[in-house]
Amino acid sequence: MTILVYDRKGEKGEELAGLLGELTPDDRVHLFNNPKEITDYADSHIYNVVFVCLYDEDDISLALALMHIIPEVNMILTAQDERYMKQALYMHASGYICMPLTEEALEAELSNLLYPPSPGCPVVRWDEKSGEVYIDGEPVHFAYSKTRDLFILLLSMKGAMVRTEKMRDHLFDEDKQDGKSRSYLQNLRSDLIHSLARYGLEDAVCRRRGRMWLDRNKYIEEKIDDEDSDH
């Protein structure tokens, strides 16, 4: 999972990020203390859990903004007392922690997420150099050769959103301005979704106007290293 931690004062957020690093070493934890930085990050990345340290209504507004960017996100609010608990209920937050922070409280919230990650995810193994892609050990076949290039581009972005312009630059080079490349890109997107549907991964392809990305909660990712590619 990708976990965002926001604390504009810093100290509690550092403590929280440290505890999360110990409790969930396999997860990606990003700490922010600037509202613009976290909203900019959230606008171009996928995240599963957000911890927001509350001090006043501005922090509530920020939490709502982050939930608006990705509605099905696990928002966990932390506060000095219960004064914001009613607002947390109206927001449909995943959890609420009163200070002081404890491992037990964090474990309880992470074990009871409102939107838990899907179990039994397919394993996607890929190599950027060779263009090899396997899902659960089977080579993935696409109708178009460039669909593989698109899939590997999205995999290499590690859940970050990719703008249409970047996809066209990567896939078509000097032909990117050709009107045909736009319709061709739409065909590649359809081919990608159709091909991944054979593995139950059609929902892993996410789209927003002018952008596309992969939901990393839908699969387990393994890169093929040089030693593997020799066998």
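The values are calculated or read from the model by the stated rules, or taken from the named source; none is laboratory data. The structure displayed is predicted, hence computed values, not measured ones. In this analysis, Cβ positions are derived from the backbone assuming ideal geometry, glycine residues included, and neighbour counts consider all displayed protein chains.
Remarks
- For region 121-130, the condition holds for at least one residue, the condition being that it is of a type in the set (Val, Ile, Thr), surrounded by fewer than 18 Cβ atoms within 10 Å (Cβ to Cβ) and not in a loop (DSSP other than H, G, I, E, B).
- Any hit, region 28-35, residues being buried (at least 16 other Cβ atoms within 10 Å of the Cβ) and assigned to a helix (DSSP H, G or I): yes
- Exactly one residue out of Met157, Met167 is modelled with pLDDT of 90 or more and crowded, with 16+ Cβ neighbours inside 10 Å: that is Met167.
- Of the residues making up region 40-62, those that are of a type outside the set (Asp, Glu) and touching a residue at least 40 places away in the same chain (Cβ under 8 Å) are Ser44, His45, Ile46, Tyr47, Asn48, Val49, Val50, Phe51, Val52, Cys53, Tyr55, Leu62.
- Tyr96 being in a helix (DSSP H, G or I) and out of contact with any Phe, Trp or Tyr (no Cβ under 6 Å at 6 or more places or on another chain): no
- Flag for Glu72 being out of contact with any helix residue (DSSP H, G or I) (no Cβ under 8 Å at 6 or more places or on another chain), exposed (fewer than 13 other Cβ atoms within 10 Å of the Cβ) and either within 20 Å of Tyr115 (Cβ to Cβ) or not assigned by TED's automatic domain parsing to the domain that holds Met157 (or both): yes
- Positions within region 42-62 being among the acidic types (Asp, Glu) and outside any helix (DSSP H, G or I), in sequence order: Asp56
One line per residue, one yes/no per condition, for (1) modelled with pLDDT under 90; (2) closer than 19 Å to Thr24 by Cβ; (3) assigned by TED's automatic domain parsing to the domain that holds Lys158; (4) under 22 Å from the mean Cα position of the chain (by Cα):
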residue	(1), (2), (3), (4)
Ser44	yes, no, no, yes
Val49	no, yes, no, yes
Ile76	no, yes, no, yes
Met91	no, no, no, yes
Thr102	no, yes, no, no
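- Residue that is modelled with the highest pLDDT, among those in region 176-188 that are under 15 Å from Arg211 (Cα atoms) and buried (at least 16 other Cβ atoms within 10 Å of the Cβ): Leu188
Residues are listed down the side, and each one gets a yes or a no for (1) farther than 21 Å from Ile69 by Cα; (2) under 17 Å from the mean Cα position of the chain (by Cα); (3) hydrophobic (A, V, I, L, M, F, W, C):
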position: Glu138; (1), (2), (3): yes, no, no
position: Leu153; (1), (2), (3): yes, yes, yes
position: Asn187; (1), (2), (3): yes, no, no
position: Asp191; (1), (2), (3): yes, no, no
position: Ala197; (1), (2), (3): yes, no, yes
position: Leu201; (1), (2), (3): yes, yes, yes
position: Met212; (1), (2), (3): no, yes, yes
position: Asp215; (1), (2), (3): no, yes, no
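One line per residue, one yes/no per condition, for (1) surrounded by 20 or more Cβ atoms within 10 Å (Cβ to Cβ); (2) touching a helix residue (DSSP H, G or I) at 6+ places or on another chain (Cβ under 9 Å); (3) not in a helix (DSSP H, G or I):
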position: Glu15; (1), (2), (3): no, no, no
position: Asp40; (1), (2), (3): no, no, no
position: Leu64; (1), (2), (3): no, yes, no
position: Glu104; (1), (2), (3): no, no, no
position: Leu114; (1), (2), (3): no, no, yes
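- Against the criterion of being closer than 23 Å to Leu154 by Cβ, among the aromatic types (Phe, Trp, Tyr) and within 17 Å of the chain's Cα centre (by Cα), Tyr6 does not qualify.
- Selection from region 159-172 of residues that are outside any helix (DSSP H, G or I) and touching a Lys or Arg at 6+ places or on another chain (Cβ under 7 Å): Gly159, Met161, Val162, Arg163
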